[in-house]
Every structure is written in structure tokens, then in C-alpha cells.
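Every read-out reported here was derived from the displayed coordinates using simple, explicitly stated rules and does not represent laboratory data. Keep in mind it's a predicted model, so treat the numbers as computed, not measured. With ideal geometry, Cβ positions are generated from the backbone for all residues, glycine too; neighbour counts draw on all protein chains shown.
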Amino acid sequence: MLNESLTLPSGLVLSNRIAKAAMTENLADADNQPTGRHERLYRRWAEGGSALLVTGNLMVERRYLERSRNIVADRHLDVVRLGRMRQSAGQVPMIAQLNHPGRQTNRFIARTPVAPSASGAVPMMGLFGKPRALAPDEIEAVVAAFGTASALCERAGLDGVQLHAAHGYLLAQFLSPHVNRRRDEWGGDVAGRAHALLAAVRAARAATGDGFTVSVKLNSSDFRHGGFTEDDAEEVVRLLVQEGVDLIEVSGGTYESPALFGIGVEGSAWTGDGGTNSVKEAYFAAFARRARRAAPGVPIMLTGGIRTRAAMEALLAGGAVDLIGLARPLAIDPELPRALLAGADGVELPSYTLPTVAGMAGESEWYETQIRRLGAGQDVDPSLRAIRAASGFVTGEMVRGLREQGARRRLADRP
Ligand SMILES: Cc1cc2nc3c(=O)[nH]c(=O)nc-3n(C[C@H](O)[C@H](O)[C@H](O)COP(=O)(O)O)c2cc1C
């Protein structure tokens with residue numbers, strides 16, 4: 001099964017069923033342009049055997065970054081350099097994840113982030129400011145920016161885009177009744193809250209040609225009281241099918257409820273072979289089955305916690321999942337897909353003992369540090385201490401975020 005090819009509705013052919021899920025690289029230069037480090041990294045991942053490479057998130061708006069050194073896909077993007085990054089993956093299809101972080105923009109990047117509605121700051125070690133509500137014309141501009149970014153990715157030779165509507169970023173904030181309290185056309189019932197996402201999908205389609213893949217990463221749920229639920233998610237899947245998306249990736253959680261890393265999702269975990277396998281795998285497998293029923297013709301990619309070949313084969317054989325997404329395993333073992341395809345069993349990951357929120361920053365930075373090493377042409381360093389990685393995250397983002405804030409603003413204002 002893992003070795004079988006898959007053709008997306010766009011016509012994009014994937015040679016097997018393993019995809020590298022998005023991982024922020026934080027490797028752009030001070031103008032947020034792609035670099036040789038991206039090229040080295042994606043060459044390594046392409047050689048590792050994945051059938052599809054989803055890039056780390058590219059920002060659609062220069063003022064609001066998820067990390068200080070994200071690539072920004074606005075009119076200042078160096079398309080030739082992005083093209084080189086694409087070419088470094090050779091024949092392996094690459095799609096760019098596009099994102100706007102909204103209220104999850106840290107305070108070193110923007111003191112006042114934007115969100116569907118004004119609300120409290122994301123409570124995470126004081127890293128985030130209180131967001132203000134976007135005006136309707138600003139929402140239109142964000143939607144248009146997803147279209148512009150898609151067109152630029154197509155010009156650079158990428159095979160498609162993935163709109164990031166998961167993990168509590170702006171498009172997911174619109175979906176969440178907890179964060180989106182708007183009473184205009186961008187809020188209200190599920191269809192109203194999905195308006196921004198659907199408009200962004202339409203903008204991506206309108207800006208690109210036939211055969212260009214348009215996909216969406218969606219939360220199964222926010223894992224918080226009063227937030228986006230699995231029932232909401234199922235309805236959004238139906239709406240995305242009507243828009244003709246080519247692939248839906250299922251994930252879950254936000255910065256406040258980091259289910260994406262398996263924290264707090266024990267209840268929905270899938271446990272290998274009928275419960276005898278104690279390894280917790282595939283955090284969102286239960287929702288993938290619902291998504292499959294709601295989207296009969298659209299391939300479903302499932303990401304989060306999947307580690308063993310047995311689990312991968314079982315998920316594919318069960319029919320709910322068409323593509324296995326792997327993130328952290330490929331940051332520490334870029335050649336893993338090739339090994340799995342040749343019959344290897346899978347990997348075990350180090351476990352972390354930091355408190356939840358610091359643990360998420362630390363865990364994420366631990367993997368990001370490994371990605372940085374791969375981009376520099378080095379090997380991974382499994383002995384790196386998690387607490388050092390967590391403090392590196394805060395100080396690194398603070399120094400670069402603040403130092404380059406003025407330059408980012410000036411460039412954003414320049415025609
Ligand atoms: C260092 C790092 C960076 C990440 N960056 C992104 C990102 O840019 N976009 C995204 O959708 N998910 C991102 N994720 C989440 C992964 O795509 C994935 O959903 C999550 O790690 C669970 O999958 P896994 O258990 O295979 O790691 C990131 C994860 C890590 C570890």
C-alpha cells in the first residue's frame with residue numbers, strides 16, 4: 001500500500017503514500033527571501049523518498065510572520081530563488097504552504113497582531129500582544145494576498161499550494177467561534193466563519209492555471225471548549241469539496257491547545273493493532289474517517305503522531321486515509337520514507353518532560369534546530385537539550401524579530 005502511487009484531482013502524480021508535512025524552516029534571509037539553505041534542505045528531503053514535499057509556511061503578509069525568518073510570498077518575493085528551491089527537489093512534487101498567523105504573530109514581529117475579532121492575547125509566556133479586529137477591506141486584502149502568493153508559487157514552478165487553516169492561525173481563527181465573534185459576512189454560522197477560507201481557496205484558484213494543486217490543512221477540532229468542533233470541521237470539509245480542492249490534510253489544535261503534537265488528545269488516539277500495541281499513533285484518525293465520508297472524491301492526508309509502518313498500512317487499508325503525513329520524524333531522519341518503503345518498521349521519537357506550553361516551544365525549536373543543521377549541510381544532533389532549544393527560540397525570535405521590524409514595515413509599504 002505504502003508503495004502505491006496516488007493521482008490528485010489536479011492530475012499531480014505522487015509516487016507513493018508518504019508526504020513530508022509542513023515544518024517551518026526559519027531559514028530565509030533578513031529580507032525573508034529563500035536561500036541556499038532551503039535548497040540543501042529540500043534536496044535532502046527529496047532524496048529521502050517522500051512522494052510529496054509540503055514546504056514550511058510561507059507568509060502572505062510581510063507585517064505578520066509566524067517566525068522572523070519565514071519566506072514571504074508577496075510582490076517583493078524573489079521568484080527565481082524560490083524556483084531554485086523548487087528545482088532542488090528534482091522530480092519530487094513540492095507544494096508551498098501559505099499562511100497568515102493572525103493573533104499568533106509574536107510581539108517581537110508585531111506588537112498588535114490582527115484577528116477576526118479583538119480579544120485577549122494568546123496566553124503563552126507573554127509572547128503575544130492583544131489583537132485588534134481586521135476591518136472588512138483588510139480581510140479582502142488578506143484573501144487577495146493568498147491569491148497573489150499562489151500565482152507567485154506557480155511562476156516559481158511549484159506544483160501547488162496548501163492554505164493553512166489549522167493550528168490556530170488566521171484562517172483557523174476565522175473558523176473558530178471562540179475567536180471569531182463577528183456578526184458580518186465573515187462570521188456567524190459555520191458557512192460564515194468558513195467564508196475567509198473559501199474566499200482564499202477561490203483566490204488561489206483564480207490566480208493559477210489548470211493542473212495547479214490547491215489544498216487545505218484543516219483542524220479536526222481546536223481541542224478547546226467553545227471552539228471549532230469536529231461537527232464544524234465536517235461541514236467545512238463539505239464546503240471545501242464544493243470548491244474543488246485537490247487534497248485535504250487533517251491535523252488539530254492551536255498554540256493554546258497543542259494537540260498537533262499529541263498533547264491532550266489521548267482520548268482520540270489510535271492504538272495500533274486493536275489496542276495491544278501501546279504506541280500512541282495517528283492523533284486524528286477518528287476524524288479522518290468522518291472527513292472521508294464527507295469528501296468521497298478528495299484525497300485525505302493525515303498528519304500527527306504516525307510512526308510505524310504497521311499503523312501507516314492499517315490507516316491506508318482502512319480506506320479513510322490516502323496519504324500519510326510525517327513531520328518530526330523527517331526532521332531527525334530525512335531518509336526515513338525510503339527505509340519505510342523498503343520494509344523498515346518505523347521510528348521512536350524522544351519524549352519531552354517540559355511543561356506543556358514551554359514544552360511545545362522547546363519541542364518545536366528542538367526540531368527546528370535539526371532542520372537548521374540539515375539546511376547547513378550537517379547531520380542532526382540527537383543530543384541537543386530541549387530546554388536549551390526552548391530558550392533559543394525565545395531569544396532568537398526576540399533579537400531578529402525586533403531588529404528587522406522597521407525594515408519589514410518599510411518593505412511592506414513600498415509599492
Ligand atoms: C519544527 C516544526 C515546525 C512546524 N511547522 C509547521 C508549519 O509551518 N505548518 C504546519 O502546518 N505545521 C507545522 N508543524 C506541524 C507539523 O506539520 C505536524 O502537523 C505536527 O508536527 C504533527 O506531525 P508529526 O507527529 O508527524 O510531527 C511543525 C512542526 C514542527 C516540529
Check your understanding: If you build a Gaussian network model of the chain, linking Cα atoms that sit under 10 Å apart, which residue out of V13, V60, V245 swings the most?
Key -> V13
Exercise for review: Fewest Cβ neighbours within 10 Å first, please rank D345, D29, D246 accordingly.
Suggested key: D345, D29, D246
Revision key, fill the gap. Computed curve, the stretch 104-155, Cα-only Debye sum without solvent term, log₁₀ I(q)/I(0) at 0.20, 0.24 Å⁻¹, is -0.75, -0.86
Exercise for review: Give the Rg (one decimal place) followed by the Dmax (whole number) of the chain, computed from C-alpha coordinates and expressed in Å.
Suggested key: 19.4, 60
Practice item. With +1 on each Lys and Arg Cβ and -1 on each Asp and Glu Cβ, and nothing else charged, work out how big the dipole of the stretch 155-223 is about its Cα centre, in Debye to the nearest 20. Key: 140 debye
Check your understanding: Which distance in nm do the two modelled labels at E313 and S383 give, with both placed 7 Å along the Cα-to-Cβ direction?
Key -> 3.7 nm
Point to revise | Around T369: net Lys/Arg minus Asp/Glu count, Cβ-Cβ under 14 Å | key: +1
Review point. How much FRET efficiency would the formula 1/(1 + (r/R0)^6) give for D189 and E335, where r is the Cβ-Cβ distance and R0 is 45 Å, rounded to 0.05?
Key: 0.45
Check your understanding: Per 10 Å bin, what percent of the C-alpha pairs of the stretch 36-172 does each bin hold, from zero upward?
Key -> 13, 40, 30, 15, 2
Check your understanding: In a GNM of the chain with a 10 Å cut-off on Cα contacts, which of P337, P93, P123 has the highest mean-square fluctuation?
Key -> P123
Point to revise | Only Lys, Arg (+1) and Asp, Glu (-1) charged, at Cβ; the chain dipole about Cα centre in debye | key: 1140 debye
Point to revise | Peptide ranges 206-213, 381-388 listed from the most packed, as the mean C-beta count within 10 angstrom indicates | key: 206-213, 381-388
Exercise for review: Sticking with the crude label model, points 7 Å out along Cα→Cβ, report the distance from Q91 to R409 in nm, one decimal please.
Suggested key: 5.0 nm
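Subtract the Cα-Cα distance of A342 and M125 from 0.36 nm times their separation in residues, and report this length gain in nm to one decimal.
On the way: separation 217, 0.36 × 217 = 78.12 nm, distance 4.37 nm.
Stretched fully, the A342-M125 segment lengthens by 73.7 nm.
Starting from 0.36 nm per residue, how many nanometres of slack lie between S5 and V79 once their C-alpha separation is accounted for? Working shown, then result.
Numbers: separation 74, 0.36 × 74 = 26.64 nm, distance 3.00 nm.
Extending this stretch completely gives an extra 23.6 nm.
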